[in-house]
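Student: So that we are looking at the same thing, I have put the structure below in structure tokens.
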Amino acid sequence: MTKKILFVNAPSQDPSDRFFGWPTSLLYAIAPSVDAARNGNLDIEIVPKIFDPINYSAESREAVERDLGRIIEKEKVNILCASATYDSVYPTHILFDRAKQMNPKIKTILGGPHFDEVYRLPKFREEVFSSSLVDVAIEGDGEFALKSTLEAMSKDQDLSNLDWHSVLGIAEVYTPDGKVYSTSGQPLNLNDIPFIPIDLADESRHSMDYDVFTDKDGNILNTIQMMAARGCRYSCSYCSENRNLAYPNARSVDNILEEVRLRKSQGFKAIFFDDSTFGTYPRLEELLKGLGEFEIKFGSLNRFNHLGNQRTVEQYASAGYVYAYCSIEQLDDLVLNGIGKAQNEKTIRKSMELIRNNEFKLGTSLLFGLPNESERSITRTLDFTEEFVKNGTIKIVSQSALSYHPGTALGEKVVSEGFVRTPPNQGYPFDRFEEGQWYHPPYVTPKYLEKILKASEQKFGPFLSRNRHSWYAKRGLVK
């Protein structure tokens, strides 16, 4: 009998959902399996849509669990496969538990961008695997490891019977009996991954995720996300995705342009490259030249130190770029040096002027709770941001509180057993900052954050992502 699988984009516990956008991590992870199933090379039936709730908060959790139960019952699901970030691990456990209460024979698979970090926490292994909430967990490059896992499940085979060393990518597969299966250990060629199966996502919802892309009448353009490269070459101390935890790997220019051509034919008018740092792409000039032939709008995550000269900014503009998202964090060299940001105040100011002069739209993030920050550094950061909001350059401001990610050196020291629970700092004002509900330095108190919150609301409140990001807020789906 053919097994039926439901893919789950695990929801954050943040009531505002700090991650808006297509579920790209999950879509990339499942692409080889979906491609094989649709070509008749994998005996797995796929539920037509990813289960992708906006969030898992106190107000929404009952509805999320109820909706999942209805899908499992209606579709007769045999396998649940979820992709989770660190702050969505706990909701995933709850959803797996509910599924197993409904059907003890259902198989669960867990992976995602932060699984490899959380797995290292002893309490995670103890609580999750001892209770068999997770039947298979995949760390690292999950694409082909997942495909091999599903091949075994479709035939009711034990994973030990597979030739794991022939499976592409750097990954490890864990089971509750303590076994660990390692794949080839060779870096994954991103060109080997089929284009993401966007039809499994809610296109009517996600194509409107980026309201920075508009036509001349102000209508939001259909936007799709892509990635040109994986990993990050930088080592910011607060971030999980640095070169010590992820290796850089780039798609070929031809492979990227082929997908752009496909997405344009599907009616998309804008593309946002979700790379950690698009400006580090190794053949950037060649890629930008190719993108310029499509006459659609582009945007990407980037860094100010990759937008520091007129020629580069002009190349982006010629390619159709109208939007970049770059992090200020804090406008203070002592603070930036303390977190290994590899850029300084001079770089930020110079790049910001180039961005403004070339009429780019900019999104930016500010980060509070950092080592060496002071009332002066916070005030200067808020004032600088206000200046570029007022002159029309900055369209979105995201504010975060420094959170100890489990995979960082600081996080491993401070957080030994967390992330298998509800957030420790719920409620106001923590829930008004991205990642604000998790673990922070001791001085990041409600009073400390509330002062920053009041100042930022006064200076650029309508541009804060928590107040106006995308069509969710505009339709009243997020308060």
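Student: In Å³ and rounded to a whole number, note down the convex hull volume per residue for the Cα atoms of the range 319-367.
Tutor: Hull volume normalised by residue count: 73 Å³.
Student: Give the order of K49, K447 when sorted by the count of other beta carbons within 10 angstrom, beginning with the fewest.
Tutor: Going from least to most buried by this count: K447, K49.
Student: Where both partners of a DSSP beta bridge lie in the chain, what percent of those bridges are antiparallel, to the nearest 5?
Tutor: The antiparallel proportion sits near 20 percent.
Student: Scaled to the compact-protein estimate 2.2 N^0.38 Å, what is the alpha-carbon radius of gyration of the chain, rounded to two decimal places?
Tutor: Here the Cα radius of gyration is 0.96 times the empirical estimate.
Student: Starting from 0 in steps of 10 Å, tell me what percent of the Cα-Cα pairs of the range 1-99 lands in each bin.
Tutor: Binned Cα distances yield the sequence 15, 48, 30, 7, 0.
Student: Next question. Tell me, for the chain, which Cys residues have no other cysteine's C-beta sitting closer than 4.7 Å.
Tutor: When partners are defined as cysteine Cβ atoms under 4.7 Å apart, the chain leaves C81, C232, C326 without one.
Student: For the pairs K74/K179; K105/K147; K350/K454, note any where the Cα-Cα span goes beyond 22 Å.
Tutor: In this structure, K74/K179; K350/K454 exceed 22 Å between Cα atoms.
Student: Using Cβ counts within 10 Å as a stand-in for footprinting exposure, how do T214, T280, T92 rank, fewest first?
Tutor: T214, T280, T92
Student: Compute the signed sum of charges (Lys and Arg +1, Asp and Glu -1) over the other residues within less than 15 Å, Cβ to Cβ, of D217.
Tutor: Neighbourhood net charge equals +1.
Student: Would you please give the residues with an amide H less than 5 Å from that of A250, counting only those at least 5 places away or on a separate chain, with H modeled from the backbone geometry?
Tutor: R230
Student: Hey, another quick one. Using 32 Å as the Cα-Cα cut-off, could you pick out the over-long pairs in K216/K341; K49/K264; K341/K413; K107/K269; K76/K264?
Tutor: K216/K341; K107/K269; K76/K264
Rule-based calculations on the coordinates, nothing more; no lab input. Here the structure is a predicted model, which means the values were calculated and not measured. Cβ coordinates were reconstructed from backbone atoms using ideal geometry, including for glycine residues, and neighbour counts include every protein chain displayed.
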